[in-house]
Structures are given as C-alpha cells and as structure tokens.
1. So, residue 220, is that one touching a helix residue (DSSP H, G or I) at 6+ places or on another chain (Cβ under 8 Å), under 15 Å from residue 140 (Cα atoms), within 13 Å of the ligand (Cβ to nearest atom) and modelled with pLDDT under 95 or not?
2. Out of curiosity, is residue 84 farther than 19 Å from residue 33 by Cβ and out of contact with any strand residue (DSSP E or B) (no Cβ under 8 Å at 6 or more places or on another chain)?
3. Contact list please: Cβ distance under 9 Å, first residue in segment 205-228 and under 14 Å from residue 38 (Cα atoms), second residue outside any loop (DSSP other than H, G, I, E, B) and modelled with pLDDT under 90, pairs at least six apart or on different chains.
4. Against the conditions (1) within 15 Å of the ligand (Cβ to nearest atom); (2) closer than 30 Å to residue 280 by Cα, where does residue 39 fall short? Just the number, please.
5. What pairs come out if I take residues in segment 76-89 that are more than 13 Å from residue 207 (Cα to Cα) and pair them with residues that are part of a loop (DSSP other than H, G, I, E, B) whose C-beta lies under 6 Å away, six or more apart or interchain?
6. Counting only residues that are touching a helix residue (DSSP H, G or I) at 6+ places or on another chain (Cβ under 6 Å) and under 26 Å from residue 135 (Cα atoms), which one in segment 252-286 is nearest to the ligand (Cβ to nearest atom)?
7. I'm told residue 146 meets every condition in (1) touching a strand residue (DSSP E or B) at 6+ places or on another chain (Cβ under 6 Å); (2) crowded, with 21+ Cβ neighbours inside 10 Å; (3) not in a loop (DSSP other than H, G, I, E, B) except one. Can you identify the failing condition by its number?
8. Quick check, is residue 181 near the ligand (Cβ under 10 Å from one of its atoms) and either within 21 Å of residue 35 (Cα to Cα) or in a loop (DSSP other than H, G, I, E, B) (or both)?
Ligand SMILES: O=C(O)CCC(=O)C(=O)O
C-alpha cells in the first residue's frame, strides 16, 4: 500500500544551519530512532548547491573516465552503454576527483552524523545518483543498505545523508521509505535484480531487490534542493522511476564508525564496485 507523498515542509523562519554546523534537534534525533530516517530542511544554501552541481554534472555526463564499474546504471546491468543508462550511479566521486574532498556538504553532513550517532562517525563512502528525465526505468529497487554490505560487522551504526541537488519529487522518483522497518535490526531476504527472470546475477549487475513486508506502508519523501534526508542501515527504502521532464540528482555521503570503516577496509571492502568480493553478504544467508 502506498501513502500519498508527504509534501516538502514550508520554509522555516529560522534555519538550523550555523556555519559548518546544522543543529540537529532532539525531535530530529527521536524521529531518526523511531522511523529510521529524517528530513532536514535548508542544509545547503543555493550558492553552495550550485558550486557542487557544476562538479556533479561532470560525473553524470560521463566526462570523468577511468572509473570501471564505479560508473554504472544502478537500474540495469554492467554491460550497458553509458548513453543507455537510466539511473547514472557514480561511486566514490571524491576518490576519482580529490578536489571534492572537504566540500561544504562533507563538512556539514559529518557534523550531522556525529550529532545523530556519536563522535566516532567518519565518512565511509560517497555516491552521485542521477535519474534521467522521462525515464520510468530509473527506479532504485527497494532494499536495506545492510543487504549490500558485508554481514558480521559488530557495530552497524550508519547515517546516510542524501542531498537533493534538484528538487526530489514524486514525479521524478524521490526516495521512498517504509518507516520502522529498521527496528528489528534484521535483514529481509535480498536477491540480485533480474535473478528471477534469469537476466542478471551479482556478476552482471550490482543491484539487489527484496519482497516488501506484508502490509508495508511506503512513504514517498519529497525533498527540496539544498535539503537532505538521512537514513539508517536497516530501514527499507528505494525510489521509483522518473516520469518528469527534469533530472533528479542526489549526492549521497554515508557515515559509519571509525572502527567499522577500519574493519571494512581490512577485508578489502571499499564500497567500490570494482572490489573483488570475498566476504559474506546478505545473499550468503538465503
Ligand atoms: O535516493 C534514491 O533513489 C535511493 C538511494 C539509496 O538507496 C541509498 O542511498 O541507499
């Protein structure tokens, strides 16, 4: 069952932004714990979004080369031609273009993650996700982020901050969540997208999908340019296709604890799609 889209909040009269900090309120922290995600309004100013978008577009237009599988279509298979991509996924842009490092979204989202989850939160990975206009295929299959990551990490705390570079609306395939699905802290079964039809497996496509829990109520979370959502590692989420004539552009930065990031790196997991997988994932559990 799908709920009507929640509308973007009205412009607040007083911003929670103070320098490189965005003050996360006690109500925000409670909502994050209860629902598994929150929306924070007006995190970046228009001039800051514009500066980031100029760099962002170099990735979404394919101008940055040499990324291997880190530039792929998150809705399709690795063998697609760039011009056929529907959901352009650029993994680890700060590695491929180091001048991105230390930008204002990195600084502000780091502060937000620490206020939500503790001072030991550190940047784990970044990602640019762009949905082409008039592209119903540009859907991100519903999943839990833990489904993609190595299982067995003792401390799973995560704050994934997604900046809307464009307005993110129901029409262009905004993010959608099933609130509260994080509470049990357990993985639902995931499978490679297209596995049922025999059209893909994990070596041909990165994308996973899952059955939605019975009676699930999906909330379409619209977000205005410059505002962000933050979600945790267990909440079920994804997004629909782009039925509008506008791009949807999203800049994701995920934070995990220093100990967890050190553990990931020690087993060779960097969030690059070029990693050779030699650890257990959700697929080993089904
Ligand atoms: O923003 C979206 O379309 C989905 C992004 C997502 O699944 C994620 O960042 O984990």
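1. In short, no.
2. Answer is no for this residue.
3. 219/2; 219/6; 220/2; 220/6; 221/6; 222/6
4. Exception for residue 39: condition (2).
5. 82/62; 86/75; 86/132; 86/137; 86/138
6. Of everything passing the filter in segment 252-286, 253 is nearest to the ligand (Cβ to nearest atom).
7. Here residue 146 clears every test but (1).
8. no
The values are calculated or read from the model by the stated rules, or taken from the named source; none is laboratory data. In this text, all values refer to a predicted model and were calculated from it rather than measured experimentally. Using ideal geometry, Cβ is built from the backbone for each residue, glycine included, and neighbour counts are taken over all protein chains shown.
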